[in-house]
Amino acid sequence: MPSFLTLILYVLAGAALGSLMLLTGIPAAPLLGAIVGAGILSISGQIEIANWPLGTKTCLGIGIGTVIGTGINQETLGELKILWKPALIITISLLITGIIVALIISKILGVDPIIAILGSAPGGTIGMSLVGAEYGVGAAVAALHAVRLITVLLLIPAVLNFMGFSDKIDIPK
């Protein structure tokens, strides 16, 4: 099958499940659905693994960064004046915890230390996978982050709802 057609099938699988997940009311449902949809197609072995054209991930990363960046405004900067201390504490504690967890799983489970450190780093799937690719372990790092991301996207909204914060979001009916 031509590689262009393969990529279209992956995009369609991600778009289909991402669109379907919109009906669930789960925060970040389109992202979660796209990951699962494309992942299921890839795991199925029915079509070859996607070989994205050079620069595709960079362009998508720039696009995602731009979308996130447009959400930064004067109000955000005002909040950062208050939140910089918690942000610093959260960042440092996640880095230290990630390194400790990485060293433990590397030692106990025999996982390559580079994969363990990058896989437990508090970063996004795209960013950490790109760093992992520089070390030749991008796919393994992406797998760890995909599992983490899917788990977090499913569990955290449930935890917030359990804690009584469900009135803060609009769930489509």
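The values are calculated or read from the model by the stated rules, or taken from the named source; none is laboratory data. All values reported here derive from a predicted model rather than from experimental measurement. Counting neighbours? That spans all protein chains shown, and the Cβs are built from the backbone with ideal geometry, glycine included.
A few notes on this one:
- Of note, Gly39 does not satisfy the criterion of being farther than 29 Å from Ser166 by Cβ, part of a helix (DSSP H, G or I), small (Gly, Ala, Ser) and not assigned by TED's automatic domain parsing to the domain that holds Ser120.
- Residue check, Leu20 within 20 Å of Gly132 (Cβ to Cβ), in contact with a Gly (Cβ under 9 Å, 6 or more places away or on another chain) and of a type outside the set (Asp, Glu): no
- The residues in the range 85-141 that are touching a Leu at 6+ places or on another chain (Cβ under 7 Å) and polar (S, T, N, Q) can be counted, and the count is 1.
- Residue in the range 52-72 that is surrounded by 11 or more Cβ atoms within 10 Å (Cβ to Cβ), assigned to a helix (DSSP H, G or I) and either over 18 Å from the mean Cα position of the chain (by Cα) or at positive phi (or both) present: no
- Selection status of Ser3, within 24 Å of Leu153 (Cβ to Cβ) and polar (S, T, N, Q): no
- Among the residues of the range 121-167, those that are among the small types (Gly, Ala, Ser) and within 18 Å of Ile49 (Cα to Cα) comprise Ser129, Ala133, Gly136, Gly138, Ala139, Ala140, Ala142, Ala143, Ala146.
- Entry remark, the range 28-57: residues being among the polar types (S, T, N, Q), touching a residue at least 12 places away in the same chain (Cβ under 8 Å) and over 23 Å from Leu153 (Cα atoms) number 1 in total.
- Some residue of the range 85-108 being of a type in the set (Lys, Arg) and either modelled with pLDDT under 90 or touching a Pro at 6+ places or on another chain (Cβ under 7 Å) (or both): no
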